[in-house]
Amino acid sequence: MLVNKDHSPVYPKIMDKLEITLMDERPMISIVKPVAGDYFYGSTLEVQVAIEDLMMNASAIGGNNTAGEGHWHLYINGDLIGPYTDSMVTLTDLPVGHHTLKVMLANNDHIPVIPEASAMVDFHLLGIPSIEIVSPVNGTTLEGNTLDLEVDVMNFVLNSSAVGGSNMPGEGHYHVYINGDLVGPYTDTMISIP
């Protein structure tokens, strides 16, 4: 309301009115999974969030704001993937590589809650590893006491210096079994087994 110098109202009354709701608790969001630095094989990722003090309402996404109600936005490498209200979502067709996942709480009209409530983690997607016996061909009868074996390994680094060491995603060696017996760890794609 506008008032004169002596604090009396200007006549006619000139005023504006605003209704606000103060929230006792500040909305928060955290990422349950993936965990920062995780490695995954494939192109699918499960994302789980924990949300506090903001009611999720899928039917109100894009609508008018209602205090204490909204949804969350998910970003991969800065690109908006979508608004969600479920605490668990599955993303598919993600490319192999390093990624940054960000989640942020938003009001019904997609405007971020104030103060911003967000969380971020980095994770890595690796191609699905595979191994295939190239030679000998299945069903081959061999003569002699030596097996010459050739394998093709995809999306996995064979590392002889790491055999027996700490695990590193996407890296290691392979085992060969003959009649159920382990004959050794190998890191070469062509080997001769006596």
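The values are calculated or read from the model by the stated rules, or taken from the named source; none is laboratory data. What you see is a predicted model, and the numbers here were worked out from it, not measured in a lab. Cβ sites come from the backbone with ideal geometry, for glycine too, and all protein chains shown count toward neighbours. Please note that ligands, DNA and RNA were not included when accessible areas were found on the heavy atoms of the full protein model with its side chains. Shrake-Rupley method; radii C 1.70, N 1.55, O 1.52, S 1.80 Å.
Among the numbered conditions (1) more than 26 Å from M154 (Cβ to Cβ); (2) among the hydroxyl-bearing types (S, T, Y); (3) open to solvent by less than 50 Å² (accessible area, probe 1.4 Å), the only one that S43 does not meet is (1). Scanning segment 46-69 for residues that are in a strand (DSSP E or B) and acidic (D, E), we see that the one that is most open to solvent (accessible area, probe 1.4 Å) is E52.
Checked against the criteria, S43 does not count as more than 12 Å from the chain's Cα centre (by Cα) and hydroxyl-bearing (S, T, Y). Within segment 87-108, can you find the residues that are surrounded by 13 or more Cβ atoms within 10 Å (Cβ to Cβ) and not in a strand (DSSP E or B)? Correct list: S87, L94, V96, N108. Contact map, segment 123-142: first residue farther than 30 Å from V32 by Cα, second residue surrounded by 11 or more Cβ atoms within 10 Å (Cβ to Cβ) and aliphatic (A, V, I, L, M), Cβ cut-off under 6 Å, separation 6 or more or different chains; pairs are I131/V151; I131/V153; I133/V151. Among the residues of segment 138-155, those that are open to solvent by 60 Å² or more (accessible area, probe 1.4 Å) and either hydroxyl-bearing (S, T, Y) or within 29 Å of the chain's Cα centre (by Cα) (or both) comprise T140, T141, T146, M154, N155.
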